[in-house]
Amino acid sequence: MNLKDQLKDDMKTAMREKNRAKVTAIRSVLAEIQSMEIDKHGELSEDDFITILNRMVAQRRESIDQFKKADRQDLVDVEEAELGFLAPYLPEQLSDEEVLAIIDEVLAETGASEMKDMGKVMTALRPKLHGKADMGEANKIVRSRLG
């Protein structure tokens, strides 16, 4: 069963349980998947699903930060609930130590030593961390290592 089918099944279950927040979160993912399928004129790969979920999780985290700054705990709670519903669909996240080890490995493989190598490093790093770690954080770590 692919991720899209899993989401549909989970949405039906959430509807039966009358869990509106979960239904809303899953519907937003399914709408994004449908939109990308229309743009792409075909089915999406599991990698595409992970990309969509990563983007949506990042949006939720950013919203949480913004709502906390605005002292809107009610909206923080809504976003955290949605984040809780979306996170289980992502692959298991790597620990900080594992991410650092992979970054060090890629730096050694690419022979990167200065900032002009940043693109080469991130290109090699992306397939290894895609969906398993926050690429923004990985980018910051690579910058600190090359800077």
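No value in this document is a laboratory result; all are computed from the given coordinates. All values reported here derive from a predicted model rather than from experimental measurement. With ideal geometry, Cβ positions are generated from the backbone for all residues, glycine too; neighbour counts draw on all protein chains shown.
Which value, in debye to the nearest 20, gives the size of the charge dipole of region 48-131 about its Cα centre, when Lys and Arg are +1 and Asp and Glu are -1 at the Cβ?
Here the size comes out at about 360 debye.
Report the Cα centroid-to-centroid distance between region 54-91 and region 128-147 in angstrom, as an integer. For region 54-91 versus region 128-147, the Cα centre distance is 21 Å.
All Cα-Cα distances of region 41-122, cut into 10 Å bins from zero to the largest, leave 15, 27, 32, 22, 4 percent in each bin in turn. Evaluated with a Cβ-only charge set (Lys, Arg +1; Asp, Glu -1), the chain carries a dipole of roughly 420 debye about its Cα centre, given to the nearest 20. In order along region 87-100, the phi-based Karplus estimate (6.51 cos²θ - 1.76 cosθ + 1.60, θ = phi - 60°) of 3J(HN,Hα) comes to 4, x, 7, 7, x, 4, 6, 6, 6, 4, 5, 5, 4, 4 Hz; Gly and Pro are listed as x. Between the listed residues L83, L100, M122, the Cα displaced farthest toward the positive end of the dipole of the chain, a dipole computed from Cβ unit charges relative to the Cα centre, is found at L83.
How many percent of Cα pairs in region 3-89 exceed 22 Å? Pairs farther apart than 22 Å: 30 percent. Tell me the trypsin sites (Lys or Arg not before Pro) within region 47-110 that lie in a loop according to DSSP and have at most 15 other beta-carbon atoms within 10 Å. Sites meeting the loop and neighbour criteria: R72. FRET efficiency for the E43 to A21 pair, using the beta carbon distance and R₀ = 41 Å, is estimated at 0.90.
Rounded to the nearest 10 degrees, the inclination of helix 118-129 to the longest alpha-carbon principal axis of the chain is 50 degrees.
When Rg and the Kirkwood radius Rh are both evaluated on Cα atoms of region 96-146, their ratio Rg/Rh stands at 0.90. Of the GluC sites (Glu not before Pro) in region 96-147, which ones lie in a loop per DSSP and count no more than 11 other C-beta atoms within 10 Å? Hits after loop and neighbour filter: E114.
Between the Cα long axis of helix 20-40 and the first principal axis of the chain there is an angle of about 60°, rounded to the nearest 10. In a fully extended conformation the segment linking Q93 and L75 would gain 3.9 nm over its present Cα-Cα distance, using 0.36 nm per residue. Note: the chain, Cα convex hull, 142 Å³ per residue.
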